[in-house]
């Protein structure tokens, strides 16, 4: 719809109000309208029609006074609404700041737990395996109970170590800290390809800045994690594409996830903790989060985060 300049309407209204009385005066002076009206009204003196112009003038003044009062009330209401909107915006910024701090604390806790699992539990499991190997080698006969128990301990140790490694990767992916966002996503997609060979996974990534802010990287990574999990669980898709794009103007990094699955009607979708958590992560960093889907037409998720999040990103949102 074409936009109308905001200044054109009041100017036109003022010109109309000014021109109407002038035009009325010119027409009335040329046609002797008032004189004819008074002459005609004299025939109906019993109805006091000659008092009608004064009554209409009073009525017009009353309407003008009424309009002025309503205008004053409108200005007061507008001022109150602006104050409420400013207060709501301030509260929204506070909530986003709080959400960001909670997310950062959560990621710090995850990183600490991952390091503890890797360093403490991993070293303990290695020590148990070394001792078990020593017992196995020292047991002599392969068919002895000691040899069998040592082999069982080695297998259990390997299984527990595999579980710990997966837990560590979910808590804080090593590839994200050591290699970067694109490499971490590629590493995760390689795992999905192994687990689900029937789905075609495609990944494209622009060359990202060398030092991508940690909040930006971890937010996009978590969104990709949650999005991929939803696709695999619910979409019944055959093709999934993941794209990482860097826009210099404005300086934002975008993550796009698409699939050709069953789709969903967005108006009926429930805002579960997954979608709500993704949106909160992105918006807390001053970014944008968008979903597009229709039944039988797949699902599309896009999240964009400023490249340099910085300390004041929330205030700039």
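Any chance you could count how many residues in the range 186-213 are out of contact with any helix residue (DSSP H, G or I) (no Cβ under 7 Å at 6 or more places or on another chain) and within 14 Å of residue 255 (Cα to Cα)?
Of the residues in the range 186-213, 5 are out of contact with any helix residue (DSSP H, G or I) (no Cβ under 7 Å at 6 or more places or on another chain) and within 14 Å of residue 255 (Cα to Cα).
Among the residues of the range 237-256, is any in the same structural domain as residue 302 (by TED's automatic domain parsing) and out of contact with any strand residue (DSSP E or B) (no Cβ under 8 Å at 6 or more places or on another chain)?
As a first pass, look at the range 237-256 and keep what is in the same structural domain as residue 302 (by TED's automatic domain parsing): 237-256.
Narrowing further to those that are out of contact with any strand residue (DSSP E or B) (no Cβ under 8 Å at 6 or more places or on another chain): 248-249.
Yes, there is a match, as at least one residue in the range 237-256 is in the same structural domain as residue 302 (by TED's automatic domain parsing) and out of contact with any strand residue (DSSP E or B) (no Cβ under 8 Å at 6 or more places or on another chain).
Looking only at the range 44-55, decide whether some residue is closer than 30 Å to residue 283 by Cα and either more than 60 Å from the chain's Cα centre (by Cα) or at pLDDT 75 or above (or both).
No, because not a single residue in the range 44-55 is closer than 30 Å to residue 283 by Cα and either more than 60 Å from the chain's Cα centre (by Cα) or at pLDDT 75 or above (or both).
Only residues that are closer than 22 Å to residue 90 by Cα, surrounded by 12 or more Cβ atoms within 10 Å (Cβ to Cβ) and modelled with pLDDT under 75: list them for the range 294-317, please.
Our first condition is that a residue be closer than 22 Å to residue 90 by Cα; within the range 294-317, this holds for 305-306, 309-317.
Add one more test, that the residue is surrounded by 12 or more Cβ atoms within 10 Å (Cβ to Cβ), and what stays is 305-306, 309-310, 313-314, 317.
Selection gives 309, 310, 313, 314, 317.
Could you run through the range 275-293 and say how many residues are modelled with pLDDT under 80 and surrounded by 13 or more Cβ atoms within 10 Å (Cβ to Cβ)?
Step one: of the range 275-293, the residues modelled with pLDDT under 80 are 275-277.
If we keep only those that are surrounded by 13 or more Cβ atoms within 10 Å (Cβ to Cβ) too, we end up with 275, 277.
Final tally of qualifying residues: 2.
Does residue 37 satisfy the condition of being modelled with pLDDT of 75 or more and either in a helix (DSSP H, G or I) or loosely packed, with under 10 Cβ neighbours inside 10 Å (or both)? Can you show your working first?
Values: modelled with pLDDT of 75 or more: no; either in a helix (DSSP H, G or I) or loosely packed, with under 10 Cβ neighbours inside 10 Å (or both): yes.
When the stated conditions are applied, residue 37 does not pass them.
Residue by residue, here is whether (1) surrounded by 12 or more Cβ atoms within 10 Å (Cβ to Cβ); (2) touching a helix residue (DSSP H, G or I) at 6+ places or on another chain (Cβ under 8 Å); (3) farther than 30 Å from residue 226 by Cα holds:
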| residue | (1), (2), (3) |
| --- | --- |
| 122 | yes, yes, no |
| 127 | no, no, yes |
| 131 | yes, no, yes |
| 137 | no, no, yes |
| 140 | no, yes, yes |
| 145 | no, no, yes |
| 148 | yes, no, yes |
| 159 | no, no, no |
| 166 | no, no, no |
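Restricting to the range 197-243, name every residue that is over 22 Å from residue 293 (Cβ atoms) and part of a loop (DSSP other than H, G, I, E, B).
Hits for the range 197-243 are 197, 206, 207, 208, 209, 210, 211, 212, 213.
Scan the range 202-227 and report the pairs whose first residue is over 16 Å from residue 172 (Cβ atoms) and assigned by TED's automatic domain parsing to the domain that holds residue 301 and whose second residue is exposed (fewer than 14 other Cβ atoms within 10 Å of the Cβ) and modelled with pLDDT under 85, with Cβ atoms within less than 7 Å and a gap of 6+ or a chain change.
Note: pairs meeting the criteria are 213/308.
The values are calculated or read from the model by the stated rules, or taken from the named source; none is laboratory data. These figures come from a predicted structure and were not determined experimentally. All Cβ positions, even for glycine, are placed from backbone atoms using ideal geometry, and neighbour counts span all protein chains on display.
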